[in-house]
Structure formats: C-alpha cells, structure tokens
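**Student:** Mind looking over this structure? Questions follow.
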Amino acid sequence: MDRWKGRVALVTGASVGIGAAIAKSLVQHGMKVVGCARNVEQIQKLAAECVSSGFSGTLIPYKCDLSVEDDMISMFSWIKVQHQGIDVCINNAGLALPEPLLSGKTSGWRTMMDVNVIALSVCTREAYQSMKERKIDDGHIININSICGHRVVNHADAHFYSASKYAVTALTEGLRQELREAKTHIRATCISPGLVETEFAYRLFSENPEIAVATYTSVKCLQAVDIANSVVYVLSAPPHVQIGDIEITPVEQSM
C-alpha cells in the first residue's frame, strides 16, 4: 500500500458500515480519503477518531446526496479544486428496499436504481475523467457489489435489489473492457460480500426488525472490516494483476 500514501480516494456511503470501515482503513494506510454521504456528521466523528488514533492519512467529510447528479458533479469539482482529483474510487453506497416485483412501489425501484446503478456509474465516469485529465495510469475503481449480484435469493423483498446488483456485475465487466480499449492501466474490481453484520438488514426490514436479527444470528457473519481488508488486498496487488471479482462470504453461509 506504500504507493498509495498521500493519494486521494473517494469512498461513497462512508458514514456507516462497510463504507466507514473502508474509509478508516485507507486513512490508516496514509491516503487522503474523501468520504461522502448524506449524513456527514457521522463521517466527521470518524475523521476525529482517525486523528486521535494517529493515522497517517486524512478523512475529509463531504455531504452528498447520491440520488442527485448535480450533487455528485459538484463534489468532483470540489475535489479537483481542493485535492487535484481522484486516484481511487470506491463505489460503496447502496441500499435495498422491500419492494417485491409483484407488489412493490415504483418509487422504491427508482430509488434503488438511482443509488445502486446510476450513482455508481456517474461516480465511475467522473473518477475516470479525473484520472484521464491528470494522466493517472494506475488508478483503481472498486465497486462494492453483493452475492445478490451473482445469484437470486428466494426472498421477494430482495428481488429488485438483486436486479440492481446484477447490473453492477455487468457494469464492472463493461468498465474493465472499456479501460482495456482505452489502453490504460487503470483497473476495475468488484467485491461481492455475503452476509455482513451492518445496519443493512435493519434498514431493509425496518418494519420487521426481528427478521434482521434472525438474519444476523443465523450464521457467524462477516464484519465490515473484512470487506475493508479485501479492498486493501485489491489495492495492494502488483500493477500487472487484474482482480476482477472477489466473492467473500461467511463460512457458514449456504447461499
């Protein structure tokens, strides 16, 4: 990770869970990390923790609504002015809403597509353009996907979410192909976790929290730091190594 010291990473959805763990880990490894989310106060608290821990990097909180394109464009413009640009983009932000295919609300489907697919694509495009204009040839774009982007779970509340994550699988491979066609050494990677004990299930099953509790007690779940460690592994790979997709699941998880 030495070559990343002092360089700039963007982590979306950095206020809690996996995003917060990734941001903290990259700061610990000496990177300048712009952590964005709608709830910027939690990122500010995490930034203070990084300072008190004596980490060599810096966490820079930025308030951004990833369902609003103008917010994202403004964020990248601000990063260009304040920190020259992006070297690593971690598209972590994502959400699931309990909207089945037969009875779900269109507004819920649109929200999932806006955050899980469109925002990821906008951030990817803007990060690449930032790298290109500064002639950065060793950048990295990492999409935090899900095993639901590779197989459909038998749960109606997760079916549209799965569709959005299948899109992330396709987008990552398409990105890899376009990067090769552009004759750049910028790399693209997908990390697809199974059950990770975060706020995710509690948000998905907010009206039935007992389902979330049962989900997280059914097996020994992954922790957010496990995914952060995977990000560090990917970024630590030699320049000639392309890590396309990592599936990381609890040993006890059957799916």
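The values are calculated or read from the model by the stated rules, or taken from the named source; none is laboratory data. In this text, all values refer to a predicted model and were calculated from it rather than measured experimentally. Note: ideal-geometry Cβ built from the backbone for every residue, glycine included; neighbour counts use all protein chains shown. Note: areas computed on protein heavy atoms with side chains; ligands, DNA, RNA excluded. Shrake-Rupley method; radii C 1.70, N 1.55, O 1.52, S 1.80 Å.
**Student:** Here are Thr189, Thr184, Thr198, Thr169: which of them is under 15 Å from the mean Cα position of the chain (by Cα), part of a loop (DSSP other than H, G, I, E, B) and either under 25 Å from Ile86 (Cβ atoms) or hydroxyl-bearing (Ser, Thr, Tyr) (or both)? Working first, answer last.
**Tutor:** Details: Thr189 fails: part of a loop (DSSP other than H, G, I, E, B); Thr184 fails: under 15 Å from the mean Cα position of the chain (by Cα); Thr169 fails: part of a loop (DSSP other than H, G, I, E, B).
Exactly one of Thr189, Thr184, Thr198, Thr169 is under 15 Å from the mean Cα position of the chain (by Cα), part of a loop (DSSP other than H, G, I, E, B) and either under 25 Å from Ile86 (Cβ atoms) or hydroxyl-bearing (Ser, Thr, Tyr) (or both), namely Thr198.
**Student:** Which of the residues belonging to region 77-91 are open to solvent by 20 Å² or more (accessible area, probe 1.4 Å) and in contact (Cβ under 8 Å) with a residue 24 or more places away in the chain? So that I can check it myself, show each step before the final result.
**Tutor:** Let us first name the residues in region 77-91 that are open to solvent by 20 Å² or more (accessible area, probe 1.4 Å), namely 77-78, 80-84.
Residues satisfying the conditions are Lys80, His83, Gln84.
Yes/no matrix, rows are residues, columns are (1) touching a Pro at 6+ places or on another chain (Cβ under 9 Å); (2) open to solvent by less than 60 Å² (accessible area, probe 1.4 Å); (3) on the phi < 0 side of the Ramachandran plot; (4) assigned to a helix (DSSP H, G or I):
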site	(1), (2), (3), (4)
Ala93	no, yes, yes, no
Leu101	no, no, yes, no
Val117	no, yes, yes, yes
Arg125	no, no, yes, yes
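**Student:** Exactly one of these conditions fails for Glu181: (1) closer than 21 Å to Asp65 by Cβ; (2) among the charged types (D, E, K, R); (3) out of contact with any Phe, Trp or Tyr (no Cβ under 7 Å at 6 or more places or on another chain). Give me its number.
**Tutor:** Evaluating Glu181 over (1) closer than 21 Å to Asp65 by Cβ; (2) among the charged types (D, E, K, R); (3) out of contact with any Phe, Trp or Tyr (no Cβ under 7 Å at 6 or more places or on another chain) leaves (1) as the failure.
**Student:** Give me a count of the residues in region 34-66 that are of a type outside the set (Asp, Glu) and either assigned to a helix (DSSP H, G or I) or in contact with a Ser or Thr (Cβ under 7 Å, 6 or more places away or on another chain) (or both). Let's see the steps before the verdict.
**Tutor:** Here is the first cut: in region 34-66, the ones of a type outside the set (Asp, Glu) are 34-40, 42-48, 50-64, 66.
Of the ones still in play, those that are also either assigned to a helix (DSSP H, G or I) or in contact with a Ser or Thr (Cβ under 7 Å, 6 or more places away or on another chain) (or both) are 36-37, 39-40, 42-48, 50-52, 66.
Final tally of qualifying residues: 15.
**Student:** Same structure, new question: Can you tell which of Leu97, Leu26 is in contact (Cβ under 8 Å) with a residue 40 or more places away in the chain and within 30 Å of Asn208 (Cβ to Cβ)? Spell out how you get there, then give the answer.
**Tutor:** Working: Leu26 fails: within 30 Å of Asn208 (Cβ to Cβ).
Exactly one of Leu97, Leu26 is in contact (Cβ under 8 Å) with a residue 40 or more places away in the chain and within 30 Å of Asn208 (Cβ to Cβ), namely Leu97.
**Student:** Sort out which residues of region 216-231 are touching a helix residue (DSSP H, G or I) at 6+ places or on another chain (Cβ under 6 Å) and either within 14 Å of Ile90 (Cβ to Cβ) or open to solvent by less than 70 Å² (accessible area, probe 1.4 Å) (or both), and write them in order of number.
**Tutor:** Kept after step one, since they are touching a helix residue (DSSP H, G or I) at 6+ places or on another chain (Cβ under 6 Å), are these residues of region 216-231: 224-225, 227-228, 231.
Within region 216-231, Ala224, Ile227, Ala228, Val231 meet the criteria.
**Student:** Next up: Taking the residues in region 239-254 that are open to solvent by less than 60 Å² (accessible area, probe 1.4 Å) and either among the basic types (Lys, Arg) or more than 15 Å from Ile144 (Cβ to Cβ) (or both) as candidates, determine which candidate is nearest to the chain's Cα centre (by Cα). Spell out how you get there, then give the answer.
**Tutor:** Step one: list which residues in region 239-254 are open to solvent by less than 60 Å² (accessible area, probe 1.4 Å), which gives 241, 243-244, 246, 248-250, 253.
Next, only the ones that are either among the basic types (Lys, Arg) or more than 15 Å from Ile144 (Cβ to Cβ) (or both) stay: 241, 250, 253.
Values: Val241: 21, Pro250: 19, Gln253: 22 Å.
It comes out as Pro250.
**Student:** So, in region 127-149, of the ones that are over 21 Å from Ala201 (Cβ atoms), in contact with a strand residue (DSSP E or B) (Cβ under 9 Å, 6 or more places away or on another chain) and assigned to a helix (DSSP H, G or I), which residue ends up most open to solvent (accessible area, probe 1.4 Å)?
**Tutor:** Tyr128
**Student:** Right, something else. Which residue, of Arg151, Arg110, Arg134, is without any contact (Cβ under 8 Å) to a residue 24 or more places away in the chain and basic (Lys, Arg)? Steps first, answer last, please.
**Tutor:** On the way: Arg151 fails: without any contact (Cβ under 8 Å) to a residue 24 or more places away in the chain; Arg134 fails: without any contact (Cβ under 8 Å) to a residue 24 or more places away in the chain.
Just one listed residue meets the conditions, Arg110.
**Student:** Residue check: is Met31 within 21 Å of Asp138 (Cα to Cα) and surrounded by fewer than 22 Cβ atoms within 10 Å (Cβ to Cβ)? Break it down into steps so the answer makes sense when it comes.
**Tutor:** Values: within 21 Å of Asp138 (Cα to Cα): yes; surrounded by fewer than 22 Cβ atoms within 10 Å (Cβ to Cβ): no.
Here the answer is no, as Met31 does not meet what is asked.
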